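Every read-out reported here was derived from the displayed coordinates using simple, explicitly stated rules and does not represent laboratory data. Bear in mind the structure is a predicted one, so any value in this text is a computation, not a measurement. Because the Cβ atoms are built from the backbone with ideal geometry, glycine has one as well, and the counts that use them run over all protein chains shown.
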Amino acid sequence: MKNIENWLPTKFDFRRGKLKASKHSKHVSASSRLITNLIGKFYQRELTNHAKGKLLDLGCGYVPLYSAYKDLIDDNYCVDWADSIHKNDFLDLIADLNEPLEIDSQSFDTIVLSDVLEHIRKPELLWNEMYRVLKKEGKLLMNVPFFYWLHEEPYDYFRYTKHALKAMAEEAGFKIISITPIGGVPEVLADIFSENIKLIPLIGKPIVKFIQWSTWIFIHTGLGRKYSKKSANKFPYGYTVIAEKM
């Protein structure tokens, strides 16, 4: 990663040993804090289990997961497209992920693709490229939304079922380690309500904070955890994927 000495946390912070959504609304809006915490929980756990060697962070933005993997790897290589408004000084390679990557085959031990695949117009090409640049037994860790609002338009193209993710991964040559729903009906409803209620002047933001907080409490009760997990089978907020190049 270029200019590593200038890196600062954005989307995620470590608080009390846990990867949490930033409290700064500049990086994470109040309506997204619940979901961001769930995604952070996944990456903190699974990067510890799988990240090693040289890591490729694709569609990295301002590298929000760096603090979660920096002590687990030897080096990270950051790739994203150019931001015409805000220059990104951390990029090692500016690239369109809809095109072949200017990266040597079998160069990386780990790939992270976080909240990116839905923005790729040619997903099969990217799957093939990720397989190509990974070393044998290299790991891919990723997450995608499913029940989620349109964002970063017009570059929001797809929502993927677990069946689509499995098919694309296996067609590219990957062995699936896990495809796991993240969030169920409580999380989906909290997200939908929060994204709409936040637009109400004066009272919107306090209501959103309450919805996010109360849903977090609920899904950590016995009943809430069970309902979230069961409902995620048909109404997932999104999916996490761990795959390996064989």
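Among beta bridges from DSSP that stay inside the chain, the antiparallel ones total about 55%. Start at zero, step by 5 Å, and the Cα-Cα distances of the stretch 111-246 spread as 2, 10, 17, 18, 17, 14, 10, 7, 4, 1, 0 percent across the bins. Normalised by the number of residues in the chain, the mean separation of alpha-carbon contacts (under 8 Å, six or more apart) gives a relative contact order of 20 percent. Listed by chain and number, the aspartates and glutamates whose C-alpha is less than 16 Å from the C-alpha of K18, apart from same-chain residues fewer than 8 away, are E46, D71. By the rule of a C-alpha distance below 13 Å, with chain neighbours fewer than 8 residues away ignored, the aspartates and glutamates paired with K122 are D96, E99, D156. When the P(r) of the stretch 4-245 is calculated, the portion above 28 Å amounts to 31% of the C-alpha pairs. A straight Cα-to-Cα reach below 17 Å connects K226 with the aspartates and glutamates E187, residues fewer than 8 places away in its own chain not being considered.
Which shape class, rounded, prolate or oblate, goes with the stretch 1-82 when its Cα gyration tensor gives a ≥ b ≥ c as root eigenvalues, a/c under 1.5 marks rounded, and past that a/b bigger than b/c marks prolate? Oblate is the answer for the stretch 1-82, as a/c is 1.5 or above yet b/c matches or exceeds a/b. Label positions at W149 and D75, each projected 7 Å from the Cα along the C-beta direction, are separated by 4.1 nm. Rounded to the nearest Å, what's the spacing between the alpha carbon centres of the stretch 167-207 and the stretch 32-97? Just the number, please. For the stretch 167-207 versus the stretch 32-97, the Cα centre distance is 19 Å.
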